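Down below is the structure, laid out as structure tokens.
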Amino acid sequence: MNLSSSETADLTRPTYFLDYDHPVVRTWLEEHMPESLRGVEAAVHLYYLVRDGWKYNPYRVSREPAKTRASHVITQGFGYCTTKALLLAALARAAGIPSRLGFGDVRNHLASPRLIEYLKSEIFAWHGFTEFHLEGKWVRCTPAFDALLCKKFGVHALEFNGYEDSIFHAFDQDGRVFMEYVQYRGVHSDLPFEEMFASLGEIYPHLF
């Protein structure tokens, strides 16, 4: 399904959170993004840079909008699912790839006891992922878990080829149930910050 010119323009422009026009983002792109890469090759290249360039850290979630923008996240050495997804979407838009953010709730069967205690639940609400429009279709990818973390937990790091969805593996390396989506919350052209945190406050009142 091809996008209209207006849809393409809307999904490649910078936004408040996907602020790829910020100088710090532009400088990073100049240093890490070969100009020769386009389309699928560019998306795959950026996916791996974000997946492994920022360590997954679900304990440092900021309620400040300014600290949730791509221009801030890119200066950090860590991120959680949503900030890594929005950073990837912002970088992809800078490369001319229509991108948006998707959200869903996932059940983590193998979460660490520390994380279960922190959330008081095995449900990860508002898990964020990235969608690219490549070669006429939408493709999902999840850059949240870096390769080192996956190795630690005995899970293959998610690969992405630009043609097929790359979400969570259903099983770990030993065949145990790992993660499953239990609810999708739709897609957005920018981060629905107020809606997301209002919902998280109801789901995890002890945290927010």
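Within segment 144-193, how many residues are in contact with a Cys (Cβ under 7 Å, 6 or more places away or on another chain) and closer than 19 Å to Gly79 by Cβ? Spell out how you get there, then give the answer.
Going through segment 144-193, the residues in contact with a Cys (Cβ under 7 Å, 6 or more places away or on another chain) turn out to be 144, 156-157, 160, 166.
Then keep just the ones that are closer than 19 Å to Gly79 by Cβ; that gives 144, 157, 160, 166.
The qualifying residues number 4.
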query: In segment 141-168, how many residues are open to solvent by 70 Å² or more (accessible area, probe 1.4 Å), within 17 Å of the chain's Cα centre (by Cα) and either farther than 30 Å from Arg38 by Cβ or free of Cβ contacts under 8 Å to residues at least 24 places away in the same chain (or both)?
result: 1
field: Index of the failed condition, Pro65 passing every other in (1) under 17 Å from the mean Cα position of the chain (by Cα); (2) open to solvent by less than 40 Å² (accessible area, probe 1.4 Å)
entry: (2)
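The values are calculated or read from the model by the stated rules, or taken from the named source; none is laboratory data. The shown structure was predicted, so the numbers you read here are calculated from the model rather than taken from an experiment. We place every Cβ from the backbone using ideal geometry, glycine too, and count neighbours over all the protein chains shown. In case anyone asks, the SASA skips ligands and DNA or RNA and just uses the protein heavy atoms, side chains included. Shrake-Rupley method; radii C 1.70, N 1.55, O 1.52, S 1.80 Å.
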